[in-house]
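Read-outs: derived from the displayed coordinates by stated rules, not from any lab. The shown structure was predicted, so the numbers you read here are calculated from the model rather than taken from an experiment. Note: ideal-geometry Cβ built from the backbone for every residue, glycine included; neighbour counts use all protein chains shown.
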Amino acid sequence: MDDVAILLQALPYLRRNRDKVFVVKVGGEIARTPEALDLFARDVAMLSQLGIRIIVIHGGGPQLDAVSDLMGVKPEKIAGRRITDDATLEMAKMVFAGSINTDILAAIRKHGVLPVGLSGLDGEVLSATRRPPKEVIDPDTGEKHTVDFKNVGDISDCNPALLRTLVDNRYIPVLSPLACDVEGRILNINADTVACSVAAEMQAEKLFILSNTNGVLKDINDAESRYVYLTVSRALELIEKRDVKSGMVPKLQGVIQAIRGGVKRAYLINGLTPHSLLTEVFTLKGKGTMLIDDAAEQEYLERG
């Protein structure tokens, strides 16, 4: 396909999405790879320059694991979620609100747009409560465990006023997944959960969860066996039958909640694939798995 044909294919999507809000969660796998981070930043800058209002939320699990290893603290995770003890929280503050956030800001700024670094504490964007011990089902085994996640928080409120002010003035907020409770205690929040909550509060047109996998796979051993799209009911069926494993389960659960909260479409894509974000926005089939409400399935099949 020549360059003109590509532009003509993108034109309907440009018209449809101008001035809409996109929430993009970028995983630590992308942020720690200079080439992937630069390509991601370039895609974000292009979308912004085309008139789309972008909010970036980032994780940093691999970087936090690396710092934990240096400090001699073994990371502990249950069902794809991290247990954050006091030592891990101190490292999370350094990594999330420090090195990763700054790296993403620099990468985006390089491409001529204006990012602003934030955490959930800024402007009371996120309020949280400490998660009490809870029963967790291991998606790989079906076994139940009672887990104390320690300094992990659950979002009690999301106030998007600051984010809205920034995107209305064409800045790109880059939000790290830290918040605090009413007593000022800092808590670690899962970045996917933050992205889903922000997307719902902003009534985002699209939510993108970028990681190192090609979306939801039919066969975990075949990276090309992705579902092109899933309805909410089909996704819930896959979770119930344990046809999706480990870390993909909370991602699916989060985007389902976001769609139920008003997000039009959500996408699980591989951020290590060059320009996967632009491909997902401007082509019909994209590169990952799209999730939609059941009621929107017919429109998708007819219109794309």
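For the set LYS25/LYS285; LYS25/LYS110; LYS110/LYS287, the pairs lying more than 23 angstrom apart at their alpha carbons are LYS110/LYS287. Close amide H partners of TYR267, meaning residues 5 or more places away or on another chain with modelled amide H under 5 Å apart, are LEU207, PHE208, ILE209, LEU291. Between ASN159 and GLU183, the simple spin-label model (points 7 angstrom out along Cα→Cβ) gives 2.1 nm. For segment 250-304, the share of alpha carbon pairs falling in successive 5 Å distance bins from zero is 4, 18, 27, 23, 20, 6, 1 percent. 3J(HN,Hα) along segment 118-130, derived from phi through the Karplus expression 6.51 cos²θ - 1.76 cosθ + 1.60 where θ = phi - 60°, amounts to 9, 10, x, 6, 5, x, 6, 4, 10, 10, 9, 10, 5 Hz, with x in place of Gly and Pro.
Take the Cα coordinates of segment 152-195, assign each an equal point scatterer, and use the Debye formula without solvent to give log10 I(q)/I(0) at q = 0.13, 0.25, 0.34 Å⁻¹. Those come out to -0.33, -0.95, -1.20, one per q. Think of the chain as having a plus end and a minus end, set by charges on the Cβ of Lys, Arg, Asp and Glu; of SER176, ASN17, GLY254, ASN17 sits farthest toward the positive end of this dipole. In this Cβ point-charge picture (+1 for Lys and Arg, -1 for Asp and Glu), the chain has a dipole of about 520 debye about its Cα centre. In sequence order, segment 220-225 has phi-based couplings of 4, 8, 10, 5, 9, 8 Hz under the Karplus curve 6.51 cos²θ - 1.76 cosθ + 1.60, θ = phi - 60°, and Gly or Pro positions carry x.
In this entry, segment 163-225 is assigned a mean projected area of 6.5 nm², taken as a quarter of its C-alpha convex hull surface. Considering only LEU238, SER119, ALA107, the residue lying farthest towards the positive end of the dipole of segment 17-303 is ALA107, judged by Cα position with unit charges set on Cβ.
Available extension along the chain between ARG130 and GLN49 is 25.3 nm, counting 0.36 nm per residue and deducting the alpha carbon span. The Cα-based radius of gyration and maximum Cα-Cα distance (Dmax) for the chain are 18.5, 58 Å. Placing pseudo-labels 7 Å out from each Cα toward the beta carbon at ASP19 and GLU35 gives an inter-label distance of 4.0 nm. Highest mean packing comes first when the peptides 205-215, 105-115, 245-255 are listed by Cβ atoms within 10 Å, giving 205-215, 245-255, 105-115. Between the beta carbons of ILE137 and GLU297, assuming R0 = 30 Å, the FRET efficiency works out to 0.60 to the nearest 0.05. The relative contact order of the chain, computed from alpha carbon pairs under 8 Å that lie at least 6 residues apart in sequence, is 22 percent. Approximating the spin labels as points 7 Å out from Cα along Cα→Cβ, the LYS110-to-MET71 distance works out to 2.8 nm.
Peptides 38-46, 178-186 ranked from most to least packed give 38-46, 178-186, packing being the mean of other C-beta atoms within 10 angstrom over each peptide's residues. Amide hydrogen proximity for VAL116: with H placed 1.01 Å from N in the peptide plane, the residues at 5 or more positions away or on another chain lying under 5 Å are ILE172, VAL174. The phi-based Karplus calculation (6.51 cos²θ - 1.76 cosθ + 1.60; θ = phi - 60°) puts the 3J(HN,Hα) values of segment 281-289 at 6, 10, 10, 6, 8, x, 10, x, 10 Hz, whole numbers, x for Gly and Pro.
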